[in-house]
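Heads up, the thing below is written out as structure tokens.
The values are calculated or read from the model by the stated rules, or taken from the named source; none is laboratory data. Everything numeric in this text was worked out from a predicted model, so none of it was measured. Quick reminder, even Gly has a Cβ in these numbers, built from the backbone with ideal geometry, and neighbours come from all protein chains shown. Remember, those area values only see protein heavy atoms, side chains included, never the ligands or the DNA or RNA. Shrake-Rupley method; radii C 1.70, N 1.55, O 1.52, S 1.80 Å.
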Amino acid sequence: MGFLRIRTTVDERPGRLASLAAALAAKGGNILGLSVQTDADGTVDEFVTDIPAGAEAVREALEAAGGRRVQVVTATAHELTDEPTRVLLLASRLRTTPWRLPELLGELLRADDSRWVYGSDMSDLPDPTLLTVPVAARRAIRVRRAELPFTLTEAARAASFVRLAQPPVQQTGADRDIKLADGSEVQIRPLTQLYREAVRDLHDRCSPEARRFRYFTSMPMLPPKVFDRLCDRSRGHSLVAGHDGQVVALANLLFTPDPGIAEMAFLVEDRWQGRGLGAVLARMLVRQARDLGFAEVRATLLSDNVRMRRLLVSLGATLSYTEDPGVVEARLAVGVMATVSPS
């Protein structure tokens, strides 16, 4: 018998994990570890097993059970350490020896190689076995793992681990004054009950199309109960953008039943669209999600919402159609948000 680390991409359907576990059991496998990760094109289930069957037989069994892109590599008994305990021990070592960041990041990701890269060498390469983790403006760590491509969840973990080695930043809160590319100034503030009337006025000024893009219906006003939920910090974090005494945009980061995923949505007054305000708010929400410990931010939008699609793609999101042909889902790993300037 031998230890194997197995990864397979799966469709998010009830019973899929049970089918994979049954396939491993049929091959005499004993599942010793299980984790679920997010990637660009689906959910990745990872098993550590003690199993007598060979790698090829295991791959065929899981593919027959509905697994896609099944990868099987040899594991060791050392890898059976409780994963949260292993990560906490690595974090403790990093706090006492931060200069060993590349080495410890490599251990975190079970990588073959981990080293500093600088300047132009920091550019991302189209190779899923390489992961570049920014550390400073012109400094990053490039990690290589030949046998298992990196998932979006691992990229987010790596970005969070790197922040442990960086000096703490001064907490300035969500209040910010922003100057847009056209010279306009807006004030960004957390949404509170104070803005109830101003948000109602925002809805009055928005066109039916703008409201349809946000709510999937031309909602003439925001119901009081919905507004109260948006103000509830236990359910999410919302921002308003103000100019000349009016709220001109509303941005919502909403918590989901999945502890690793948050959803974001925006309503921007028509005359403020196309001026970069949506990009500013989107980046602020993604950073909030990162600081709150989320691995991924998702957005559900109508397929004809071209402006929003372009914005999310510019941030590094991947788009996919849902079962409804008129609805698109965008997925963005908070640890790999694109650094391009908003247009």
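Values for this structure:
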quantity	calculated
Strands (runs of 3 or more DSSP E) contained in region 216-293 and holding at least 2 residues surrounded by fewer than 21 Cβ atoms within 10 Å (Cβ to Cβ) and out of contact with any Gly (no Cβ under 9 Å at 6 or more places or on another chain)	236-243, 261-268
Scope region 294-327; condition of a type in the set (A, V, I, L, M) and either touching a helix residue (DSSP H, G or I) at 6+ places or on another chain (Cβ under 7 Å) or part of a helix (DSSP H, G or I) (or both); matching residues	Ala295, Val297, Ala299, Leu301, Leu302, Val306, Met308, Leu311, Leu312, Val313, Leu315, Leu319
Any chance Leu164 is at pLDDT below 90 and within 23 Å of the chain's Cα centre (by Cα)	yes
From Ser343, Ser320, residue being of a type outside the set (Phe, Trp, Tyr) and modelled with pLDDT under 85	Ser343
Residue satisfying condition, being at pLDDT below 85 and either open to solvent by 20 Å² or more (accessible area, probe 1.4 Å) or of a type in the set (D, E, K, R) (or both), within set Arg157, Arg145, Arg139	Arg139
Residue, nearest to the chain's Cα centre (by Cα), within region 52-67, restricted to residues that are closer than 14 Å to Leu20 by Cα and open to solvent by less than 70 Å² (accessible area, probe 1.4 Å)	Gly67
When residues of region 68-103 are limited to those that are of a type in the set (Val, Ile, Thr) and open to solvent by less than 30 Å² (accessible area, probe 1.4 Å), the one nearest to Ile6 (Cα to Cα)	Val72
Gly33 vs. criteria farther than 28 Å from Ser160 by Cβ and of a type outside the set (Asp, Glu)	no
Residue within region 218-238 that is in contact with a Leu (Cβ under 6 Å, 6 or more places away or on another chain) and among the β-branched types (Val, Ile, Thr) present	no
Which numbered condition Asp11 fails, given (1) within 22 Å of the chain's Cα centre (by Cα); (2) farther than 23 Å from Asp112 by Cα; (3) at pLDDT 90 or above	(3)
Among residues of region 24-51, those that are open to solvent by 20 Å² or more (accessible area, probe 1.4 Å), of a type in the set (A, V, I, L, M) and farther than 20 Å from Ala155 by Cβ, counted	5
All positions within region 179-215 that are open to solvent by less than 60 Å² (accessible area, probe 1.4 Å), outside any helix (DSSP H, G or I) and touching a residue at least 40 places away in the same chain (Cβ under 8 Å)	Leu180, Ser184, Val186, Ile188, Pro190, Leu191, Cys206, Ser207
